Amino acid sequence: MAHRREHRAAARQDTPYAEALAAFGDRLRLVTPGQWDAPTPCADWSVRDLVNHLTAEQLWVPEMLMGSTTSEVGGRFDGDVLGTDPVATWTAAAEASRDAFALPGATELTVHLSFGDVSGQYYLDQLTADAVVHTWDLAEGIHHRTRLPAGLVEFALGEYTGYGDLSGSGLFDPPLPVPDDADPQARMLALTGRRDHP
């Protein structure tokens with residue numbers, strides 16, 4: 001995940017994390033048996049790789065909110081975490097991460113990420129934006145071109161605008177130009193090096 005210079009986002013109530021997880025889960029349930037190896041807009045990631053990435057991110061959440069460091073968690077969630085039932089694994093991981101963030105005070109905790117300490121709110125906002133863009137990636141990978149919910153797009157657009165050029169992280173392609181009248185989804189995707197389709 002990318003990070004802003006300021007890591008202490010103030011606690012707020014409007015981060016659409018549960019909605020972002022639900023949107024990803026909805027697309028995940030559309031994956032057919034022959035599509036797991038299909039390519040996605042994420043370079044070098046198949047559909048299964050992408051689902052595995054987002055599932056692993058959710059598996060980290062309870063650990064990080066309990067104060068663990070990345071070195072303490074180590075390689076526990078490396079490799080294939082999906083097993084033989086990716087949908088069930090995703091569902092359990094998403095429910096656990098959502099429940100962890102729902103605990104009182106979760107967004108005010110200090111979370112020890114690989115690049116430094118951040119607030120729980122900052123961590124939550126990052127995870128939400130990541131889930132939004134990867135929901136689009138998953139839909140593209142399984143050929144279900146999608147219009148994401150407007151609230152999710154607006155949230156992610158605000159987050160990625162704040163991050164600036166993400167290509168230096170090695171996780172995103174350089175931002176793409178968009179017309180002045182581009183809609184929010186096209187602008188959000190362009191910031192992450194993706195081209196939307198009409």
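Quick one: accessible surface of Y163, probe radius 1.4 Å, all protein chains present, in square angstrom to the nearest 10.
30 Å²
Given just the C-alpha atoms of the range 21-75, how large is their convex hull per residue in cubic angstrom?
On the way: hull volume 5.6 nm³, N = 55.
In the range 21-75, the Cα convex hull volume per residue is 101 Å³.
Find, to one decimal place in angstroms, the Kirkwood hydrodynamic radius of the range 83-124, where the mean of 1/r is taken over every pair of different Cα atoms and then inverted.
Working: mean 1/r = 0.0864 Å⁻¹.
About 11.6 Å for the range 83-124.
Indicate the gyration tensor shape class of the range 121-182 (rounded, prolate or oblate), computed on the Cα atoms with a ≥ b ≥ c the square roots of the eigenvalues: a/c under 1.5 is rounded; otherwise a/b larger than b/c is prolate and the rest oblate. Each step should come with its number before you reach the end.
Details: a/c = 1.31, a/b = 1.15, b/c = 1.14.
It comes out rounded by the Cα gyration axes.
Under a 1.4 Å probe, what is the accessible area of the range 3-141 per residue, stated in Å²?
Values: 6290 Å² over 139 residues.
Dividing the accessible area of the range 3-141 by its residue count gives 45 Å².
Note down the magnitude of the dipole of the range 51-198 about its Cα centre, charges +1 on Lys and Arg C-beta and -1 on Asp and Glu C-beta and zero elsewhere, to the nearest 20 debye.
Numbers: 7 positive and 22 negative charges, 43 e Å.
Dipole of the range 51-198, to the nearest 20 debye: 200 debye.
Roll a 1.4 Å probe over the protein heavy atoms and report the accessible area of R187 in Å², nearest 10.
In the full protein context, R187 sits at about 90 Å².
Just check the chain against the gyration tensor rule for me: Cα atoms, a ≥ b ≥ c as the square roots of the eigenvalues, rounded for a/c under 1.5, and otherwise prolate or oblate depending on whether a/b exceeds b/c. Let's see the in-between values first.
On the way: a/c = 1.58, a/b = 1.13, b/c = 1.39.
It is oblate, given that a/c is not under 1.5 and a/b is not larger than b/c.
Name the residue, out of A92, A20, A43, whose mean-square fluctuation peaks in a Gaussian network model built on the chain with Cα pairs under 10 Å.
Top of the fluctuation ranking is A43.
So what's the back-of-envelope 222 nm ellipticity for the chain, counting only DSSP H runs of four-plus at -39500 (n - 2.57) apiece and dividing by all residues, rounded to 500?
On the way: 7 runs with 96 residues, N = 198.
Result for the chain, helices only: -15500 deg cm²/dmol.
Can you pull the percent of the chain's accessible area that's carbon plus sulfur, 1.4 Å probe, other chains left in place? Intermediate values should be presented prior to the final figure.
Numbers: 5020 of 9530 Å².
In the chain, the share of accessible area belonging to carbon and sulfur is 53 percent.
Rounded to whole Å and ordered largest first, report the semi-axes of the equivalent ellipsoid of the range 65-160 derived from its Cα gyration tensor (root of 5λ).
Numbers: eigenvalues 119, 76, 33 Å².
Those come to 24, 20, 13 Å.
The values are calculated or read from the model by the stated rules, or taken from the named source; none is laboratory data. Here the structure is a predicted model, which is why all the values come from computation and not from measurement. Cβ sites come from the backbone with ideal geometry, for glycine too, and all protein chains shown count toward neighbours. Only protein heavy atoms, including side chains, enter the accessible area calculation; ligands, DNA and RNA are left aside. Shrake-Rupley method; radii C 1.70, N 1.55, O 1.52, S 1.80 Å.
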